[in-house]
Amino acid sequence: MQIRLTGLTVTAMGASALVAGPAAAQTLDLTITIPKLSVAEYHRPYVAVWLEKEGAAPRTLAVWYDFDLKANEGTKWLRDVRQWWRASGRSMSFPADGVTGATRAPGTHKLSFTAGRGPMPALTGGNYTLVVEAAREVGGRELLRLPFSVPAGGTATAQGASELGAVGLTVRR
């Protein structure tokens, strides 16, 4: 028996062989709490979430901002999320597909990222840091770092003092 493979079939087969199945992929489950503040003029914070690994370019996973303002006006305030802006924000085009989201109200918000899908890169062995930064108009700024390692996984938590509340990370396979 002879099997004839076309270029399209080989490409499809090759692509499916390179994509890890759900059971083998690293997943980052993240909870971000935005505290309710009693201030005269409250604005929802702009929030950026990104992944750092020594020797690799930072990867933005999520950015919450006012993306629906006319003439893309909400992007001019993204530079107030300073550490993220310097790390990778200024080189991005907005809105960024799979990354951009609306600002969020006070409360606990859950995000999940699977390695190799969407904005999340495939995770090779080593030490990583998930960074969450928030900045609010007529408010403050805050940055939290959650270190983790691959393949060890596990959990990491951090507690904000003003613009962010509790932030939790679970790394699972």
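The values are calculated or read from the model by the stated rules, or taken from the named source; none is laboratory data. Computed from a predicted structure; not experimentally measured. FYI the Cβ positions are ideal-geometry reconstructions off the backbone, even for glycines, and counts take in every protein chain you see. These accessible areas exclude ligands, DNA and RNA; they are computed on the full protein's heavy atoms, side chains included. Shrake-Rupley method; radii C 1.70, N 1.55, O 1.52, S 1.80 Å.
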*Output the residue which, of all residues in segment 103-116 that are more than 24 Å from T75 (Cβ to Cβ) and within 12 Å of the chain's Cα centre (by Cα), is surrounded by the fewest Cβ atoms within 10 Å (Cβ to Cβ).*
K110
*When the residues of segment 108-131 are filtered to those that are touching a Lys or Arg at 6+ places or on another chain (Cβ under 8 Å) and part of a strand (DSSP E or B), which remaining residue is nearest to S88 (Cα to Cα)?*
V131
_With the requirement that a residue be open to solvent by 90 Å² or more (accessible area, probe 1.4 Å) and either modelled with pLDDT of 90 or more or under 19 Å from E137 (Cβ atoms) (or both), what does segment 68-102 give you?_
D68, K70, A71, K76, W77, R79, R82, R86, R90, S91
*For segment 158-165, indicate whether the set of residues that are surrounded by fewer than 20 Cβ atoms within 10 Å (Cβ to Cβ), in a strand (DSSP E or B) and free of Cβ contacts under 8 Å to residues at least 40 places away in the same chain is non-empty.*
yes
*asked:* Need pairs with beta-carbon distance below 8 Å; first residue over 18 Å from V171 (Cα atoms) and within segment 33-60, second of a type in the set (K, R) and at pLDDT below 90; sequence gap 6+ or separate chains.
replied: none
*Scan segment 124-134 for residues that are more than 12 Å from the chain's Cα centre (by Cα) and open to solvent by 30 Å² or more (accessible area, probe 1.4 Å) and jot them down.*
T124, G125, N127
